[in-house]
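Worksheet for the structure shown next.
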Amino acid sequence: MTVTAPVARKRSALTKGQLPAFAPYVVLAVALVLGAAILALIGFNAFGWGLVSAILFTIGLVGWSAAVEGGRKANDKLATCLIVGSFLVALLPLISVIWTVLVNGIPGIITPGFLTTSMNGVTGALDNKSVDDGTKVLGGVYHALLGTVQITLLATVISVPVGLLTAIYLVEYGNDRALARAITFFVDVMTGIPSIVAGLFSAAFFFAVVGPGTKTGAVAAVALSVLMIPVVVRSSEEMLKIVPNELREAAYALGVRKWRTILKVVIPTAISGIASGVTLAIARVIGETAPILVTAGFATTINNNVFGGWMASLPTFIYTQILNPTSPSNPDPSSQRAWGAALVLIILVMLLNLGARLIARIFAPKAGR
Amino acid sequence: MTTNSLTTSQGAGRAGDKVFSGATLAAGCLILAVLFGVALFLVIQAIPALVAPPADIQGGHGFFAYIGPIVVGTLIAAVIALVIATPVAIGVALFISHYAPRRLASGLGYVVDLLAAIPSVVYGAWGAAFLAPQISPAYGWLASNMGWLPIFQGPASATGKTILTASIVLSVMVLPIITSLSREIFLQTPKLHEEAALALGATRWEMIKIAVLPFGRPGIVSAIMLGLGRALGETMAVALVLSSGALTASLIQSGNQTIAAEIALNFPEASGLKVSTLIAAGLVLFVITLGVNMIARWIISRHKEFSGAN
């Protein structure tokens, strides 16, 4: 007994040549202190501190590991540092974007009337006056919000039947035929169509059919459908595929027709997934700017008719307010409105994303798997 | 002999079957028709620009002299974006698939997917209002210290609204695409390959090098191609961030232009031949992205095991 005690305290041969478990924490603390010291010499800022500390941490840990553990372990540590670092780097723009929109958008969105007034009658002179007098910024996003809702709704009404029926064809009738394979391939290719090309297509189509210069909400809705249909097809197809075949066979065994089996058995089973897929598709197209820019024009007034006249939308509102401020000499009111609209748009998109997850969870598949 | 009620009484049901399967087939064909319609109508509306006398096209030297520099600008912006985004995206994908704790992994994946949910116009506004002013001192440093390289030739733009800034914003936008596809593929690496590598004494990085990356290589290539397709066609990030101009080699001066941004900036006020010119530019963009996407999809479909990759 008296012999084993000192042996137990000595490091086992198996763990020899390994860094102690606390090594990363020690290196991190040293790196943070050194980083702060270096930054203090050249002017402190949080971003630089993080960057310098991360580099010092990597060098320190990899160097220590190379000295104690050898090259292979050191390479492993280096890879771990780089991979974790790349994840942190990817988070930076996300945090920065959300922070920028929040900081700049909140003054806009809490201005009374921002959500309930349009830009009708808001001129550069009024903006100059509000800057000079320090009064509240006039004008709002009501017309753009209304336009976005109308255009997106029409696009959804077009896309969902077409997308869902196509998915049904692919899963239930396609049987891996040449046509089904071609549709699958081209739907995938369609997901990659640049949004502005979809807008140009819709514009070119209506220019050719209705007349040159046709710009209405409906043209924009067609453009958005081109972007939305492939998303709906893909998500619905995945959902229909996971409906167990036993359910279909049970229905057939009871003598139910195929179309009634699909309508009454297959679709109700998959409806939660389909609904959440459609919601995600809406979230994808609601923020599209370029196709609306070339198809619906800009408007400063409320337009309740999707089929006639130019129509505003939130993304194009942001775009025009930034690029062509209402008052060129005082762009601040315009940029406040633009950031406010950006915040509204992000909230809308996040709510749709959240809604999609909730739908998927609440109406979880009724089929036991 | 009585008629068999099983075969005769279901006339209505059979009609329903026919109508329903016909409707689904029609919807499928409509999608193909739309895709060909996109090409067809773009060609029809573009023809006037292609046959017009060169002097009438903007710039005065014909359509191809007009489109050439913008195509090069588009390629420059997209390639830089990919060079920045690819290593980070693969790192993030590996982090989520092999490094993050199992319980956190799906949540972290969702956080990265949030990057894809942010509308492009918001990225554009962020790039113009936040990133460009922040990054312009770095351009000044590059111009004075590495100005001997043609791509960093000074004088640097004081506003930071350069093609490099636009490319950085683009790289943020393609990051989630490359990440989510690579992640799916890395997760499908056969567990036995990974365990065999670890059992032979490989470290985690060596296991990834000999088991995960070789298995995922075709998937990564197609993910990069899809990211390229997105970067080529992205409009708002460039339209809002870049202060455009003639084609220049320097990445830190204002100048250069991409097809999508050129269309977005000029189409709303365009009329007559200008509309045709811009639609023809859109056609060129369509053909380029279609080619890139078809190659990517072809690579994916050659490797059917990546079923979750699309």
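The values are calculated or read from the model by the stated rules, or taken from the named source; none is laboratory data. Keep in mind it's a predicted model, so treat the numbers as computed, not measured. Backbone-built Cβ (ideal geometry, glycine too); neighbour counts: all protein chains shown.
Results, tabulated for the structure shown:
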{"read-out": "Scope segment B:183-224; condition free of Cβ contacts under 8 Å to residues at least 24 places away in the same chain and of a type in the set (A, V, I, L, M); matching residues", "value": "B:192, B:196, B:197, B:198, B:199, B:200, B:202, B:207, B:210, B:211, B:213"}
{"read-out": "Every pair of residues 6+ apart whose Cβ atoms lie under 7 Å, when the first sits in segment A:283-311 and is within 25 Å of residue B:117 (Cβ to Cβ) while the second is surrounded by 19 or more Cβ atoms within 10 Å (Cβ to Cβ) and of a type in the set (Lys, Arg)", "value": "A:295/A:215; A:296/A:215"}
{"read-out": "Options B:107, B:73: the member that is more than 12 Å from chain A (Cβ to nearest Cβ) and modelled with pLDDT of 80 or more", "value": "B:73"}
{"read-out": "Test: residue A:214 is touching a His at 6+ places or on another chain (Cβ under 8 Å) and surrounded by fewer than 20 Cβ atoms within 10 Å (Cβ to Cβ)", "value": "no"}
{"read-out": "Selection from segment A:183-206 of residues that are at the interface with another protein chain (Cβ under 8 Å from one of its Cβ atoms), surrounded by fewer than 22 Cβ atoms within 10 Å (Cβ to Cβ) and over 23 Å from residue B:236 (Cβ atoms)", "value": "A:185, A:186, A:188"}
{"read-out": "Wholly enclosed helices (runs of 4 or more DSSP H) of segment B:225-310 bearing at least 2 residues free of Cβ contacts under 8 Å to residues at least 60 places away in the same chain, surrounded by fewer than 24 Cβ atoms within 10 Å (Cβ to Cβ) and facing chain A (nearest Cβ under 9 Å)", "value": "B:273-302"}
{"read-out": "Enumeration of residues in segment A:9-52 that are under 25 Å from residue A:70 (Cα atoms), at pLDDT below 75 and small (Gly, Ala, Ser)", "value": "A:12, A:13, A:17"}
{"read-out": "From the options A:227, A:247, A:240, residue that is in contact with a helix residue (DSSP H, G or I) (Cβ under 9 Å, 6 or more places away or on another chain), more than 13 Å from chain B (Cβ to nearest Cβ) and among the hydrophobic types (A, V, I, L, M, F, W, C)", "value": "A:247"}
{"read-out": "Residue match in segment A:327-343 (condition: among the charged types (D, E, K, R), crowded, with 17+ Cβ neighbours inside 10 Å and within 25 Å of the chain's Cα centre (by Cα))", "value": "yes"}
{"read-out": "Residue, farthest from residue B:263 (Cα to Cα), within segment A:169-180, restricted to residues that are at the interface with another protein chain (Cβ under 9 Å from one of its Cβ atoms) and out of contact with any Ser or Thr (no Cβ under 7 Å at 6 or more places or on another chain)", "value": "A:172"}
{"read-out": "Residue count for segment B:174-224, restricted to those that are surrounded by 17 or more Cβ atoms within 10 Å (Cβ to Cβ) and more than 24 Å from residue B:112 (Cβ to Cβ)", "value": "4"}
{"read-out": "Check on residue A:63, part of a helix (DSSP H, G or I), surrounded by fewer than 18 Cβ atoms within 10 Å (Cβ to Cβ) and more than 7 Å from chain B (Cβ to nearest Cβ)", "value": "yes"}
{"read-out": "Filtered residue count, segment A:225-237, keeping only those that are touching an Asp or Glu at 6+ places or on another chain (Cβ under 7 Å) and more than 13 Å from residue B:38 (Cα to Cα)", "value": "0"}
{"read-out": "Subset of segment A:287-298 that is buried (at least 23 other Cβ atoms within 10 Å of the Cβ) and not polar (S, T, N, Q) - its residue that is nearest to residue B:276 (Cα to Cα)", "value": "A:294"}
{"read-out": "Residue check, residue A:134 at positive phi and either of a type outside the set (Ser, Thr, Tyr) or surrounded by 19 or more Cβ atoms within 10 Å (Cβ to Cβ) (or both)", "value": "yes"}
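Table: residues versus (1) more than 25 Å from the chain's Cα centre (by Cα); (2) within 14 Å of chain B (Cβ to nearest Cβ); (3) touching a residue at least 40 places away in the same chain (Cβ under 8 Å); (4) over 16 Å from residue A:275 (Cβ atoms).
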site	(1), (2), (3), (4)
A:122	yes, no, yes, yes
A:129	yes, no, no, yes
A:132	yes, no, no, yes
A:139	yes, no, yes, yes
A:142	no, no, yes, yes
A:161	no, yes, no, no
